[in-house]
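Where a number appears in this text, it was derived from the coordinates with a stated rule and is not lab data. Given the structure is predicted, the values throughout are model-derived calculations rather than measurements. Neighbour counts run over all protein chains shown; Cβ positions are idealised from the backbone, glycine included.
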Amino acid sequence: MSNFLITFSTDIYQLLADSEEYNVLIEAGDKSEGDFKVFYAHSIILRARCSYFKTGLSNEWARKEGQVTIFQKPNISPKVFSIILNGTISLENEDIPTILDLLVAADELLINEISDFVQDHLLEHESAWLKSNLVLLWSKIHPYASCRKLQERCLALICKDPLVLFGSQDFLFLDGSLLVPFLKLDNLQMEEVELWDFVLKWGLAKNPRTGPDVSLWTKEDFRDMEATLRECIPLIDFTHISSRNFYDHVWPYRALLPESTLEEIIRYNFKPETCTQGVTLARRLQFDSCLIRPVHAAMLASWVDRLGQRRYLYEEIPYRFQLLLRGTRDGFDSHTFHKLCDDHSRTIVIMRIKGSNEIIGGYSPTRWMTNEGYWNTEDSFLFSFGLRGAIEDARLSRVSKSRSYYAIRLNGSEHGPCFGDKDLTMRGKFDEEGSCSCQKDDYMESVTNVGSFAVSEYEVFHVVRKMN
């Protein structure tokens, strides 16, 4: 229940029972459908209390019969209009379709108080319905700026549990213009190959003549599917699909991809050292990184907390990744590293090996310093996200328990982060050839086959626990 005491609704509802001296006649509903009613009101009150009517009652939008302005709203039902005009709004006994129609009408009439109230009611009292009918809800509210609260809830639900959208039968009937915003989501907790499979499934639903067996497709079938998926394909990041999955899930449909995209993907997979950054990423990063995506951050946080086979969703990560240093922004030398990163514990170092897209790095729970010596810890680790950044290519290498005394090496100001005696070492200017090296020593396994290298980019993050 909500009383909008200072809005137009309270003022004009008193006039509904008294049609004398009115100068505005509002025709709500559609006569042809038999759902129609006339409301009487005063233009001064309407204009004063609702900015919409300042224009709505003009000669361009309404017609006059004598001294009375006739204003027609066939798209707003009498029931909804009566709720709007009432000074007291109660939604407890209203059905969901009526509430959604009220929300749309409030947006059209620019009545933000009602719009906010309706959204708060749905979020507080109808959360289960929202989750079960997300496609219907999104189709209804997507165009309206005033529905931002509900839109954000929908996007948050989908990011945390994509199957709420992609796993529902309603997904197959979603209009393409409504699907695109979901494919652009920064922190969608879904592997790229899964997303591609769902997009294909959606495309097939839009083309019922085209069967699921791609080997039987005709040229016309491919043309129809290409037209259907034209806006979606650029939003799939094929570089984050492993070679095996690319061959099984994408290659049979290669005729759907633009030639330039297919050429880039093939080059990225078979000769990654010739690509500076691969195909343009479909998603902008949710957090400040040039090297990893939210799904990688979730995996790193899972390794920090030793979750084993379980993995955090991005929304569940109990940490913030605070960027301390980026090579291309701050510099690649060891002195810059110590200036910006010393005395910070719980740091993640991530780097891209020059001449390839191979991403490796390490986590240290201890502080970096310019002293010489070692930190003894069993919680540090090295990692690799491979050449494509696909999660299935990720590798974890923890420090050997018998060698934990040498887990983190401190080697003066001329060296940057060093893990073990030889496992991952950075010294001097890290973007110069031979400045970095990897050789298995104190950790369980090596994270790269490249023994000596330079980096084209590296970042250091401080892993900070979120405040509840």
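Some values worked out for this structure:
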quantity	calculated
Radius 11 Å from Cβ of K429, net charge of other residues (Lys, Arg +1; Asp, Glu -1)	-4
Degrees separating the helix 148-160 axis from the principal Cα axis of the chain, which is the longest one	40
Positive dipole terminus of region 191-274, leading residue within P252, S242, S215 (C-beta point charges)	S215
Sites L340 and V180 - FRET efficiency at Förster radius 30 Å, r taken between beta-carbons, to 0.05	0.15
Cubic angstrom per residue, convex hull over Cα atoms of the chain	197
Over 26 Å (Cα to Cα) - which of K37/K64; K184/K339; K429/K466; K160/K466 fall in this group	K184/K339; K429/K466
Residue-count net charge about C438 - beta-carbon cut-off 10 Å; Lys, Arg +1, Asp, Glu -1	0
Within-13-Å neighbourhood charge of H249 [Cβ basis; K, R +1; D, E -1]	-3
Label zone at D213, where the point sits 7 Å out along the Cα-to-Cβ direction: region 222-262 residues whose backbone N lies under 12 Å	none
Quarter of the Cα convex hull surface for region 294-465, i.e. its orientation-mean projected area (nm²)	8.7
Antiparallel DSSP beta bridges within the chain, percent to nearest 5	90
Calculated FRET value between F270 and E126, using beta carbons and R₀ = 35 Å, to 0.05	0.10
Segments 415-428, 127-140 sorted - mean Cβ within 10 Å per residue, highest first	415-428, 127-140
